[in-house]
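Colleague: There's a structure below that I have some questions on.
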């Protein structure tokens, strides 16, 4: 079992949350995490890489000199692929869908949970009793991070209705905010620490944060 400390906003431990590693894949699986990370990264490609054929090159279609009498080889338009600045003989066009790949639903779920397990094993999850603020305040959130020793990049996972926490954290350098149902392997591995409150973390662990499969697709 993993004993995760629960902190208050002053950084003092107030309780402990027991997490069964079996619910998160039992052990860290580097191969699965890498596969999920690479696929997610690849799927973010814009897919705008392409080359132009001779029909897409600007230039005259006029024959550049007469067929006979010049002593030169026969030549047509300047846009031909054998001339500098001309089009490509075999132009390539690959849109975004050409780069896309995917994981099965079972693998995606396991990878997201296993990434959380990796963070827990490395003591990189900072869980608070709550992350509720009476009003938005960037300074208050900075002090909260300092109270638990966070000085590197961190990912803040909150309930979608906790708007004040979102407004408080969004402008801090090195801090990104996501909804708890969007927590995924790519975001977890791109940040050193995970900041979350107890209620949101429990919702992720028992799966109640996903209202539908469409929400989990984002995760």
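Colleague: Out of 172, 57, 39, any idea which swings most in a Gaussian network model of the chain, alpha carbons joined below 10 Å?
Modeller: 57
Colleague: How tilted is helix 30-42 with respect to the longest principal axis of the chain? Cα atoms for both, answer in degrees (0 to 90, nearest 10).
Modeller: Orientation of helix 30-42: about 50 degrees from the principal axis.
Colleague: With an 8 Å cut-off on Cα pairs and a minimum separation of 6 or more residues, tell me the relative contact order of the chain in percent.
Modeller: Numbers: 352 pairs, mean separation 47.8, N = 219.
That works out to 22 percent.
Colleague: Quote the relative contact order of segment 50-93 in percent (integer), defining contacts as alpha-carbon pairs under 8 Å separated by 6+ residues.
Modeller: On the way: 64 pairs, mean separation 22.5, N = 44.
51 percent.
Colleague: A further question follows. What is segment 1-42 by shape, rounded, prolate or oblate, if you read a ≥ b ≥ c off the alpha carbon gyration tensor as root eigenvalues and call it rounded for a/c under 1.5, prolate for a/b larger than b/c, and oblate otherwise? Don't jump to the answer; show the numbers that get you there.
Modeller: Working: a/c = 5.04, a/b = 1.93, b/c = 2.60.
In terms of gyration-tensor shape, oblate.
Colleague: Cut-off 10 angstrom, C-alpha nodes, Gaussian network model of the chain. Which of 115, 75, 49 fluctuates the most?
Modeller: Ranking 115, 75, 49 by mean-square fluctuation puts 75 first.
Colleague: Going 7 Å from the Cα of residue 82 along its beta-carbon direction, which residues of segment 44-72 have the amide nitrogen within less than 16 Å of the resulting point?
Modeller: 54, 63-72
Colleague: Also, I was wondering about something else. Between residue 58 and residue 27, what is the label-to-label distance in nm when each label sits 7 Å out along the Cα-to-Cβ direction?
Modeller: 6.1 nm
Colleague: Apply the Debye scattering formula to segment 50-93, with a single equal point scatterer on each alpha-carbon and no solvent, then give log10 I(q)/I(0) at q = 0.24 Å⁻¹.
Modeller: -0.79
Colleague: Return one quarter of the surface area of the convex hull spanned by the alpha-carbon atoms of the chain, equal to its mean projected area, in nm².
Modeller: Details: hull surface 71.3 nm².
It is 17.8 nm².
Colleague: At 0.36 nm per residue, and after removing the present C-alpha to C-alpha distance, how many nm does the segment from residue 202 to residue 89 gain when stretched out fully? Intermediate values should be presented prior to the final figure.
Modeller: Details: separation 113, 0.36 × 113 = 40.68 nm, distance 5.79 nm.
This chain segment gains 34.9 nm when fully extended.
Colleague: Full-extension gain between residue 106 and residue 13, please, as 0.36 nm times their residue separation minus the C-alpha to C-alpha distance. All intermediate terms of the calculation are to be shown ahead of the outcome.
Modeller: On the way: separation 93, 0.36 × 93 = 33.48 nm, distance 3.50 nm.
Additional length available on full extension: 30.0 nm.
Colleague: Which of 56, 46, 67 ends up with the largest GNM mean-square fluctuation for the chain, with Cα atoms connected below 10 Å?
Modeller: 67
Colleague: Relative contact order of segment 105-203: what whole-number percent is it, with Cα pairs under 8 angstrom and at least 6 residues apart? Walk me through the numbers on the way to the answer.
Modeller: Numbers: 145 pairs, mean separation 40.5, N = 99.
The normalised contact order for segment 105-203 reaches 41 percent.
Colleague: Sorted by packing (mean other beta-carbon atoms within 10 Å per residue), highest first, where do 25-32, 143-150 land? Walk me through the intermediate numbers first.
Modeller: On the way: 25-32: 13.8, 143-150: 16.8.
Answer by packing, highest mean first, reads 143-150, 25-32.
Every number here is computed from the coordinates shown, using simple stated rules; none is lab data. Small disclaimer: the values here were computed from a predicted structure and weren't measured. FYI the Cβ positions are ideal-geometry reconstructions off the backbone, even for glycines, and counts take in every protein chain you see.
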